[in-house]
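Single-structure report; data block below.
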Amino acid sequence: MKPTILVVDDDKKTVDLIRLYLEKDGYRVLTAYDGRQALDISRRREPGLIILDLMLPRVDGLDVCRILRSESKVPIIMLTAKTTEEDKLAGLDLGADDYVTKPFSPREMVARVRAVLRRVHTEDDDGPGELVFGDMVGDFVRHEARIDGESIHLTPKEFRLLETMAKQPGRVFSRLELLEHAFGFDYGGFERTVDVHVMNLRKKIEPDPAAPTYIQTVYGLGYKFEELV
């Protein structure tokens, strides 16, 4: 049985359009029209995925995303009329799994839903729950990294980068591959943002970020997670 999808937007026509296409594709659909209602329904009904508008009354979409991500791993697709790189990255850095910009194609929306759910299910079944690298432990069940037993705070995107590379040590990932594997889709012109996320991740996990032990730069190609002997 396909999972239930929660659609959150203050525009009823938008909600009805998305619901129509999702139901045609076999999904059950819940709806909410403001941020507070979205939080209440998601907590009570535990949908399998949430389509979340950025601009919402009562509690805005970014705050809803932040709160939900602190409580669960439910996949979130941000729906936004804002098109600047900063607006998109704000939602992604809070833990959203994808974004769709208004105006949008309903068929594309359904395709994005399928892709996000497929990726999440693959991640849930993929590889060991924990890996040890020297003093660092990657716990992929609890979604945390620990160094000398101390939990290290990583953003969702930083953790996905770590998980993607650590599960295949020695493999060189291009920036585009890291966008697709770790972030879930092609950002288009956002490949350079991988460098920023890698830099921030190194600051948190490397003994010396200037001379990294774990995440190595492969010049002209991308990055790899070092195989420690």
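The values are calculated or read from the model by the stated rules, or taken from the named source; none is laboratory data. In this text the structure is predicted, and so the values were computed from the model without any measurement. Using ideal geometry, Cβ is built from the backbone for each residue, glycine included, and neighbour counts are taken over all protein chains shown. Areas reflect the complete protein model, heavy atoms only, side chains present, ligands, DNA and RNA absent. Shrake-Rupley method; radii C 1.70, N 1.55, O 1.52, S 1.80 Å.
Do we have any residue at all in region 20-30 that's in contact with a Leu (Cβ under 6 Å, 6 or more places away or on another chain) and open to solvent by 20 Å² or more (accessible area, probe 1.4 Å)?
yes
Can you pull out the residues in region 34-76 that are among the aliphatic types (A, V, I, L, M) and open to solvent by 10 Å² or more (accessible area, probe 1.4 Å)?
39, 41, 54, 55, 56, 59, 62, 67, 74 - these are the residues of region 34-76 that are among the aliphatic types (A, V, I, L, M) and open to solvent by 10 Å² or more (accessible area, probe 1.4 Å).
Among the residues of region 115-151, count how many are open to solvent by 70 Å² or more (accessible area, probe 1.4 Å), at pLDDT 70 or above and assigned to a helix (DSSP H, G or I).
Adding up the residues that qualify gives 1.
For region 9-22, what are the residues that are free of Cβ contacts under 8 Å to residues at least 60 places away in the same chain and either of a type in the set (A, V, I, L, M) or closer than 14 Å to residue 49 by Cα (or both)?
Within region 9-22, 15, 19 qualify.
Just one of the numbered conditions (1) over 26 Å from residue 156 (Cα atoms); (2) at pLDDT 95 or above is not true of residue 7; which one?
(1)
How many of the residues making up region 2-25 are under 21 Å from the mean Cα position of the chain (by Cα) and assigned to a loop (DSSP other than H, G, I, E, B)?
Count: 3.
Within region 149-161, is even one residue farther than 20 Å from residue 93 by Cβ and more than 14 Å from the chain's Cα centre (by Cα)?
yes
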